[in-house]
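J.: Please see the structure below; I have some questions.
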Amino acid sequence: MWNSIVITNNEITNRDIKKIVSGEKSAIIIKNFYEKRSCKQIIKKINSTNIENDSKQFNHIGPFLMNYTTKKEKYFQNSKKANIIFKKIFLNVDSPINKIKLIISKVYPNYEISETKENRMSYASCTIRKHEKGKKVPLHKDNVTYEGVEYNVSKIDNQLSCILHLQETERGGKLLIYNKKWEKKMEKFREIEFGYNSILTKNIEVDTVESKTGDLVIINPNYLHEITKIQGNTDRITLGMFFGIQNKSKKIFSWA
Amino acid sequence: MSDIIWGNGKNIISKDSFELTVTHRQNGNSEEYQDTVKIIISDVDLPGLSDNKSNWEIDDLQKVIVDSFLKCEISSKTSDGDLICKVSHSGAAGY
């Protein structure tokens, strides 16, 4: 059955991860992974600090690699700036980045999870996204092995997406994840600006994950997914990072 | 403003040309474009393909262009009707 694995004790196993990698399950939701109080502190810090967004088009803090597929130099320059900002934002709280890395490293005890660098330049440690009322994210996949081929992190066997919900919505802003893995032949269903035509998910099983503050949601982002329109007055604020698993070298890369 | 068409790479013809299956056309294009057109690449912005044309091999184009969704900004047309374009990977950017 295409549904989520819900964890309430903060402990996931390698078997849980295998289930989302293979497509047996849609997502892992770790309830109350991060303290709500710390989420509020982070939001307060973001709101009280004059932080420049990564682009005029998106309300993001930190660069998102997929927006820089052919602009590596710019990506690493912006990552450097963003990583300094993240250190300031997380100064007086338990670092959510380290907490997420820790839980992933526990699942892969024989793998080395290290700070990911390329030519001595660091990748962005995360992206914080603020989606406002009326905003939705169209049907898409994230696959660094396809669109990020110019980056070393593309040389991986599996990609995981980790999303920490820093602020939940009043209504809407739900993650819909479909039991449909991306294949290159689906590129003929692309939309001009971003994502895919919804014809691809017609009659396909779907799981719905609600936005709840403090929850960590882990998915295999190569399965088609989208975010429904945000309703109500509360923005959907998330912290996202990717992990790439390289089996041969037993290494885990993280980036955003 | 130049005409723009989008579609999926079909066949590689040479080290700098290919056939495109056209799926989308910009509103207000000055010309009509058929469902299959020949593209001659003048400039690229494609992950996995160097900016320097002299480095391109058919195999590289095969990997990067065939089946991919591409944006073609048309700068001119040859006397045979082939389109000379800047080719980029459309719609990769995240939200």
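The values are calculated or read from the model by the stated rules, or taken from the named source; none is laboratory data. Keep in mind the model is a prediction, meaning the values are calculated, not measured. FYI the Cβ positions are ideal-geometry reconstructions off the backbone, even for glycines, and counts take in every protein chain you see.
J.: Residue A:181: of a type outside the set (Phe, Trp, Tyr), surrounded by fewer than 20 Cβ atoms within 10 Å (Cβ to Cβ) and closer than 30 Å to residue B:22 by Cα, yes or no?
T.: Answer is yes for this residue.
J.: From the list B:30, B:54, exactly one residue is of a type in the set (S, T, N, Q) and modelled with pLDDT under 95. Which is it?
T.: B:54
J.: Still on this structure, please answer the following. I'm checking my understanding of the structure. Among residues of the stretch A:189-199 that are modelled with pLDDT of 95 or more and over 22 Å from the mean Cα position of the chain (by Cα), which one is farthest from residue B:20 (Cα to Cα)?
T.: So, considering only residues that are modelled with pLDDT of 95 or more and over 22 Å from the mean Cα position of the chain (by Cα), the one farthest from residue B:20 (Cα to Cα) is A:199.
J.: Condition first: surrounded by 21 or more Cβ atoms within 10 Å (Cβ to Cβ) and under 20 Å from residue A:147 (Cα atoms). Can you find one or more residues in the stretch B:19-37 that meet it?
T.: Scanning the stretch B:19-37 turns up at least one residue that is surrounded by 21 or more Cβ atoms within 10 Å (Cβ to Cβ) and under 20 Å from residue A:147 (Cα atoms).
J.: A further question on this structure: Looking only at the stretch A:179-208, which residues are assigned to a helix (DSSP H, G or I) and either more than 10 Å from chain B (Cβ to nearest Cβ) or under 21 Å from residue A:27 (Cβ atoms) (or both)?
T.: A:186, A:198, A:199, A:200, A:201
J.: Something else now. Strands (runs of 3 or more DSSP E) wholly in the stretch A:90-169 with at least 1 residues that are more than 13 Å from chain B (Cβ to nearest Cβ) and crowded, with 20+ Cβ neighbours inside 10 Å - which ones?
T.: A:127-131, A:158-167
J.: So, one more: Could you identify the single residue in A:28, A:84 that is out of contact with any Lys or Arg (no Cβ under 7 Å at 6 or more places or on another chain), surrounded by fewer than 17 Cβ atoms within 10 Å (Cβ to Cβ), not small (Gly, Ala, Ser) and not in a loop (DSSP other than H, G, I, E, B)?
T.: A:84
J.: State all residues of the stretch A:59-81 that are surrounded by fewer than 18 Cβ atoms within 10 Å (Cβ to Cβ) and closer than 19 Å to residue A:131 by Cβ; if no residue qualifies, say none.
T.: Selection gives A:59 alone.
J.: Now for a different question. Of all the residues that make up the stretch A:211-255, how many are within 15 Å of residue A:156 (Cα to Cα), small (Gly, Ala, Ser) and assigned to a loop (DSSP other than H, G, I, E, B)?
T.: So the answer is 1.
J.: Among (1) at pLDDT 95 or above; (2) buried (at least 17 other Cβ atoms within 10 Å of the Cβ), there is one condition residue A:13 misses while meeting the rest; what is its number?
T.: Looking at each condition in turn, residue A:13 falls short on (2).
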